[in-house]
Amino acid sequence: MGNISELEVLLRPPAMDMPVYPPKAITLASGETMVVRQVAREEVPTLLEAIYPLLWVERDFYDIVAARLFGELLAYKRYRVKDEYVLVGLIDGVLAGMVNGRLVDEKTGMSYHTLTIRRGLRVGSHLFAAKMEYHIEHCQQEEVLIVAESPIGFRRWMIEYPLEKKFEVQHEMGGVPSWLLPKDVYYAAKPRLVAGHRPISDELMKSSATIILPEEETVVRQVAGEKEEQQ
Amino acid sequence: MKPVYIAGAGMTQFGRSEWTLMQLASVASLAALHHANLGDIRVDGVVVANMGAARVNRQTALGSALVDQLALYPATAESVENGPASGASAVKIGVQAIASGMADVVLVTGVERMRVVNGLEGTDFVASLSHPEAEYIYGVTLPALAGMFARLFMDKFGVERKHLAMVAIKNHENAAKNPYAHIQQTVTMEGILTLPEAAVNNPPIAEPLHMFDCCPVSDGAASLVLVSEDVAAKLGGPKVRVAGIGQATDTHAVHEREDPTDLKSVRIAAKTAFDRAGLKPQDVDVVELHDAFTILEIAESEASGFFPRGEGHKALERGETRLDGALPINPSGGLKAKGHPVGATGVAQLVELVWQLRGECDARQVKDAKVAYACNFGGFGNNVVASVLQREA
Amino acid sequence: MSGKVYGMKCNSCGTVSYPKHAVCPDCRNERFEEVAIGGEGKVLTYTDVYALAIEYETRYLRLAIVELDDGIRVTGQLLDDEPKLGMRVKTILGTVRQSGETAIQGLQFVSV
């Protein structure tokens, strides 16, 4: 941490020791390989750049997801959130999606957001599952608190896993009653929802060392699910 | 009956659209009208095919609305709702108008904008075509009917999941060559079936059918300009004739069919269409089938008369239905990858075939195609329209 | 439990149809008597369907077509953890769909 002022120390939330998410490789339906790995604070500005144009996409609540994710990532970069982590999915180094969350305490994790850029290949499902894997298997937590901001997310996570109600806890995402993924439910769902293999080759490691952003237009088009019309 | 020709064909990109229903319909219609290059020849009638607008878009009387968009008054106008067979039904009605001498030029446009609701509501709206008391109340959806059909069909004829995957791989590959296709992403056998990751990449939708066995939910529109022989002669250019259309129905509840694996309505519709055309399945060069589910491409390829019963998957395995095979099926990518805006589909199948017969399909062009066939499969096979098109010199 | 499931028996040729039609599919007669549908039979085909209407708050539904011993076929929900083609089942009546406040009754199948 080096030289930080006493006041800054007070402003930063206390931090717990967090294990690094060991990178993994997943072969997608297209045959392409997606590397899932954790990002460092220095990489956050690159992700912010990818999110920025989505702040105005109303469809499927992407605007609110993007705005909150932007704030969460900024808070992570500038030490204004407790124990946050960010995972990305990269295909040939190109950003396909990202997920984030934080540790509430040793026992409980909190899932923040899932943003898919490359559509149609279950990238979002793979990344969400990687996030649960991180909380339960790598951080050895007992449970993860989850909410959804879009109907798609609701159906996917709440019913697919399936999650349990923990409505007495307000989630940080707007105080919405929380849902819960307990450890045993995670392990029961793991075979059909968590994929990939480790360790990844040096070659893959190298090709995913730097995050390459798709063009802004491509991001908006893919996320909003639109393509240029032609006649 | 007087002969009927297709002078123009156009469509929008399929996928998810921000355009309104009428914008989609107008763009496809104008593309077809420009393709036909009618000059000062008047459009006598408009037929619009659509399934869900009353429920999903809160709009009715689409025929009149499209006439207004295109300022074609006082042309006649009709709307056709006939489930997933709406598209080819509308074409049939347009063909009848010209064949009877009541019209010389009819514009037929199929349109659907269903991505405006979430997937669950979309699934439920399509499910409303099932039998209300004997099927729908049990939670039956179209994937459910397809899943039960697939289980029985696969068990009976030794079709395996790898065959279904072959349909998906082929049609995704074709769609990647079609700029109008919803999905332009190829898939691999490893990624959707054989690797451990496939369990997550390709989750079950209605066992034994998985995600990559099912078509996407799409917005889009497709349009054809039908003309009489006189008008076709005036226009000059390539002549594509509607050689024959056949249609047949079957029981509403799938369980009432004597043999639920027998697509009787497809058999009858295809035979009628071929008889009217004076042609045989062996004469066909290019085919568009209604592969809302991969299993249907295999089953329809048999019921339409291209392969003996139980042999469709073997022809597929031998590569005969690939773009470079002896009988290319779904060069457009099919519903599976081109997309399935329900009411537009039957029209879009014929748009592809018109382009194929005119040699306008670039990378996915089937060489020297002269005779083409389409099967538009409505309900779960309780209303099927088959069409045969023929290129004349 | 009310709301048995009914088919119709043709007054002329005796053919039982399910679901009901306005005209006998066999002899075109237009007079019928209602008959309750159910009993034992075998599973003709089944599926686990995950693409469901929003009313179902479950991951999937197991649906089947069953051929009853009297030759009538029915579609319904299969309540069995080890489904197989051809397995013997019997029909029971249960809630098959929740439509607002109304619990809709229909055919379910359990193994015998």
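What follows draws every value from the coordinates through simple rules; no lab data is involved. A quick note: this is a predicted structure, and the numbers were derived from the prediction, not measured. Glycine also receives a Cβ, built like all others from the backbone with ideal geometry; neighbour counts cover every protein chain displayed.
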(request) Only Lys, Arg, Asp and Glu count, each charged at its Cβ (+1, +1, -1, -1), so figure out the dipole size of the protein assembly as shown about its Cα centre, rounded to 20 debye. (result) 840
(message) Rounded, prolate or oblate, given the Cα gyration tensor of region C:38-111, with a/c below 1.5 counting as rounded?
(response) oblate
(request) Would you please give the residues with an amide H less than 5 Å from that of C:L78, counting only those at least 5 places away or on a separate chain, with H modeled from the backbone geometry? (result) C:R62, C:L63, C:A64, C:F109
(request) Would you please put C:90-98, A:100-108 in order of how densely packed they are, using the mean number of other Cβ atoms within 10 angstrom per residue and starting with the highest? (result) A:100-108, C:90-98
(request) For an R0 of 56 angstrom, estimate the FRET efficiency from the Cβ-Cβ distance between A:E8 and A:I159 and round to the nearest 0.05. (result) 0.80
(message) Using Cα springs under 10 Å in a Gaussian network model of chain C, which residue among C:A36, C:A53, C:A64 shows the largest mean-square fluctuation?
(response) C:A53
(request) Please work out the Cα center distance from region B:286-311 to region A:74-149, rounded to the nearest Å. (result) 44
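Based on the Cβ-Cβ distance of A:M18 and B:A61, what FRET efficiency does E = 1/(1 + (r/R0)^6) give at R0 = 41 Å, to the nearest 0.05?
With a Förster radius of 41 Å, E is 0.10.
Hey, got the average number of other protein chain Cβ atoms within 10 angstrom for residues in A:114-121?
Numbers: counts 0, 0, 0, 0, 1, 3, 7, 4.
Partner Cβ neighbours, averaged per residue: 2.
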(request) Quickly estimate the mean residue ellipticity at 222 nm for chain A, helices only: each DSSP H run with n ≥ 4 gives -39500 (n - 2.57), and the total goes over all residues, rounded to 500. (result) -8500 deg cm²/dmol
(message) Give me the inter-chain shielding for A:189-196: mean count of other chain Cβ atoms within 10 Å, whole number please.
(response) 3
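Sort A:I136, B:I268 so the one with the fewest other Cβ atoms within 10 Å of its own Cβ comes first.
B:I268, A:I136
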(message) Under a Cβ-only charge scheme (Lys and Arg +1, Asp and Glu -1), can you give me the dipole magnitude of chain A about the Cα centre, in debye to the nearest 20?
(response) 440
(message) Just to confirm my numbers, what's the Cα centroid distance between region B:241-270 and region B:7-29 in Å?
(response) 29
(request) Starting from the amide H of B:T76, placed 1.01 Å from N in the peptide plane, find each other amide H under 5 Å away whose residue is 5 or more places distant or on another chain. (result) B:G45, B:V46
(request) Using DSSP to define loop residues, name the GluC sites (Glu not before Pro) in region A:38-75 whose beta-carbon has at most 12 other beta-carbon atoms within 10 Å. (result) A:E58
(request) Show me B:94-107, A:207-220 ranked by packing, highest mean number of other Cβ atoms within 10 Å first. (result) B:94-107, A:207-220
(request) List the aspartates and glutamates whose Cα lies under 14 Å from the Cα of A:K206, skipping any in the same chain that are fewer than 8 positions away. (result) A:D92
(request) Give a residue-ordered list of calculated ³J(HN,Hα) values for region B:341-351 (Karplus: 6.51 cos²θ - 1.76 cosθ + 1.60, θ = phi - 60°; whole Hz; x for Gly, Pro). (result) x, 2, x, 8, 4, x, 6, 5, 4, 6, 4
(message) Whole-Hz ³J(HN,Hα) for each residue in region B:207-213, computed from phi via Karplus 6.51 cos²θ - 1.76 cosθ + 1.60 with θ = phi - 60°, x for glycine and proline: what do you get?
(response) 3, x, 8, 10, 3, 7, 9
(request) Using Cα centres only, tell me the gap between region A:167-185 and region B:58-126 in whole Å. (result) 47
(message) Let me confirm one metric for peptide A:28-38, namely the mean number of other chain beta-carbon atoms within 10 Å of its residues' beta-carbons.
(response) 5
(request) For region B:251-260, just list the computed ³J(HN,Hα) in residue order, Karplus coefficients 6.51, -1.76 and 1.60, θ = phi - 60°, integers in Hz, with x standing in for Gly and Pro. (result) 4, 5, 6, 4, 5, 7, 6, 3, 10, x
(message) Suppose each label sits 7 Å from its Cα in the direction of the beta carbon; what would the C:K9-C:D80 distance come out to in nanometres?
(response) 2.7
(message) Given a 10 angstrom Cα cut-off, can you work out which residue in B:V116, B:V43, B:V27 is the most mobile in a GNM of chain B?
(response) B:V116
(message) If amide hydrogens are placed 1.01 Å from N in the peptide plane, which non-local residues have theirs closer than 5 Å to the one on B:H210?
(response) B:I205
(request) State whether region A:20-224 is rounded, prolate or oblate according to the following rule on the C-alpha gyration tensor (a ≥ b ≥ c being the square roots of its eigenvalues): a/c under 1.5 gives rounded; otherwise a/b larger than b/c gives prolate, and the remaining case gives oblate. (result) rounded
(message) If I build a Gaussian network model for chain B, linking alpha-carbon pairs within less than 10 angstrom, which residue out of B:C215, B:C375, B:C361 has the largest mean-square fluctuation?
(response) B:C361
